[in-house]
DNA sequence: ACTCTTCTTTGCTTAAGCGCAAATAACAAA
DNA sequence: TTTGTTATTTGCGCTTAAGCAAAGAAGAGT
């Protein structure tokens, strides 16, 4: 498959990039395709490449020594990920990147990105915007995990994921994630997720299926997220 | 009080700044002093200033709608904080900044910082380094909160705080924080913190006092943090 | 030295939600 | 269709740590 450089303008960080820069990026980078469940990189690998996801979906996960993992972010088409390596030359990936479905991504050498940043203010600003967004989101999620009960956290997680990777399908927002994914993204377990989602389904808030969640009544979820009690 | 511009070189982000820039910063900024427990700003305020802490200690906290709060970071002398506002002009502070003791900080207009970034690569790189560090730390803390039990999390929190704001005192590292602060930084409660610290004190790992913790055996804490069971 | 305030400790109770086990359901591949 | 695999559901017991209440200890101010 070939990438059309002009498509890279859909990448947030690159939306103001001149076409010459996009050509340069495509020319100097390679397209890496991986099958479902394979990894682009593992936690602890030297951060040699930054990636732009061209097709598919990828999740960034972090594991503790015992192997339990949390979902830090799900990447969709034309999002950049693993760009942090471009900042610190000796960095290692602090997370692993695993494909949720067959995916392909443009692997850009960290050093190329670093060199380009020297002379291209739009890149600096774009990356900084991206990073401040990450920081704020992680701070919020951290607070939620520390202070909110599971049900509310689950609602917050699902709403957040819906805005990030949900896609419309017949007027409703659908989330292509397993309950395992939701559990790892919300800091809970598949058992509690299943119980809660079933309960919500009974109340007509959502519709569940194997590996997907359809939002029937987003406003109801917002109410749960913001404090309405279940009974 | 007056600030000696050359002192600003102790700020990580500014360590490569030429003296003219430091002069400019001091000249265009104002020194704000606040007493203990007062706030430099509140969560939700327009992010008009970035700060460099000159004396004292400041904590960055985030509250949920119910008022429960978490401790996201403790700032010590010559650290920069609230710099995110410089990236997005319309930003509001996502956290509040409260003085842990009488403090003074240089208030730098976000727009000044933003303008300076246009022509000073060292500033861009410095801020990016700072931000990547934040992101990685928050990701780790998030995973810890999601996957580790309290005792281990407490050990991790105390070790992290020791490296960030601990100071040597008689060959040992001392942490000038109340148990309330520890609870808010680790995502726990004062009751559990008290019980755990008492237990550790009995085992000779630490020494506690009103508003401070002295590490007697850091290695023992590392063992708890990394998985040794207590019994 | 005395008083007030704030921080810390500890016993007790309880709710939340984890996690095993086993059943059921959904999908994929042959 | 059949079989195998993986995801979801649900009952049940149990652990963890939250949180109230009340006492004790340590400072700060007068």
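Could you figure out which of (1) within 16 Å of DNA strand D (Cβ to nearest atom); (2) buried (at least 20 other Cβ atoms within 10 Å of the Cβ); (3) within 14 Å of chain B (Cβ to nearest Cβ) isn't true of residue A:205?
If we test residue A:205 against (1) within 16 Å of DNA strand D (Cβ to nearest atom); (2) buried (at least 20 other Cβ atoms within 10 Å of the Cβ); (3) within 14 Å of chain B (Cβ to nearest Cβ), just (3) comes out false.
Looking at (1) within 11 Å of DNA strand D (Cβ to nearest atom); (2) exposed (fewer than 14 other Cβ atoms within 10 Å of the Cβ), can you tell me which one residue A:168 breaks?
(1)
Sort through A:117, A:138 and tell me the only one that's at pLDDT 95 or above and in a helix (DSSP H, G or I).
Answer to the selection: A:138.
Among the residues that make up the range B:218-227, is at least one of them within 15 Å of DNA strand D (Cβ to nearest atom), assigned to a helix (DSSP H, G or I), buried (at least 20 other Cβ atoms within 10 Å of the Cβ) and at negative phi?
yes
Go through the range B:107-129 and count every residue that is more than 9 Å from chain A (Cβ to nearest Cβ) and surrounded by fewer than 21 Cβ atoms within 10 Å (Cβ to Cβ).
Final tally of qualifying residues: 10.
Considering B:162, B:183, which residue is surrounded by fewer than 19 Cβ atoms within 10 Å (Cβ to Cβ) and under 19 Å from residue B:197 (Cβ atoms)?
Only one candidate passes the filter, namely B:162.
Residues of the range A:207-224 being away from DNA strand C (no atom under 15 Å from the Cβ) and within 16 Å of residue A:171 (Cβ to Cβ), which ones?
A:215, A:216, A:217, A:218, A:219
Filtering the range A:172-202 down to residues that are in a strand (DSSP E or B) and touching a helix residue (DSSP H, G or I) at 6+ places or on another chain (Cβ under 7 Å), which residue is farthest from the other protein chains (Cβ to nearest Cβ)?
Here the residue is A:173.
Hey, could you check the range B:36-68 for residues that are closer than 24 Å to residue B:211 by Cβ and out of contact with any strand residue (DSSP E or B) (no Cβ under 8 Å at 6 or more places or on another chain) and say which is farthest from the other protein chains (Cβ to nearest Cβ)?
Of everything passing the filter in the range B:36-68, B:67 is farthest from the other protein chains (Cβ to nearest Cβ).
So residue A:103 ticks every box in (1) within 12 Å of chain B (Cβ to nearest Cβ); (2) farther than 19 Å from residue A:186 by Cα; (3) in contact with a strand residue (DSSP E or B) (Cβ under 8 Å, 6 or more places away or on another chain); (4) touching a residue at least 60 places away in the same chain (Cβ under 8 Å) but one. Which box is left unticked?
Residue A:103 satisfies every listed condition except (1).
Only one residue in A:156, A:161 is in contact with a helix residue (DSSP H, G or I) (Cβ under 7 Å, 6 or more places away or on another chain), within 16 Å of DNA strand D (Cβ to nearest atom) and farther than 20 Å from residue A:17 by Cβ, so which one is that?
A:161 is the lone residue from the list that is in contact with a helix residue (DSSP H, G or I) (Cβ under 7 Å, 6 or more places away or on another chain), within 16 Å of DNA strand D (Cβ to nearest atom) and farther than 20 Å from residue A:17 by Cβ.
Checking residue A:4 against (1) under 16 Å from residue A:106 (Cα atoms); (2) exposed (fewer than 14 other Cβ atoms within 10 Å of the Cβ); (3) under 18 Å from the mean Cα position of the chain (by Cα), which single condition isn't satisfied?
If we test residue A:4 against (1) under 16 Å from residue A:106 (Cα atoms); (2) exposed (fewer than 14 other Cβ atoms within 10 Å of the Cβ); (3) under 18 Å from the mean Cα position of the chain (by Cα), just (3) comes out false.
If you go through the range B:186-199 one residue at a time, how many are within 10 Å of DNA strand C (Cβ to nearest atom) and crowded, with 19+ Cβ neighbours inside 10 Å?
Adding up the residues that qualify gives 3.
The values are calculated or read from the model by the stated rules, or taken from the named source; none is laboratory data. No experiment lies behind these values; they were computed from the predicted model shown. When we count neighbours, we look across all protein chains shown, and the Cβ atoms used for this are built from the backbone with ideal geometry, even at glycine.
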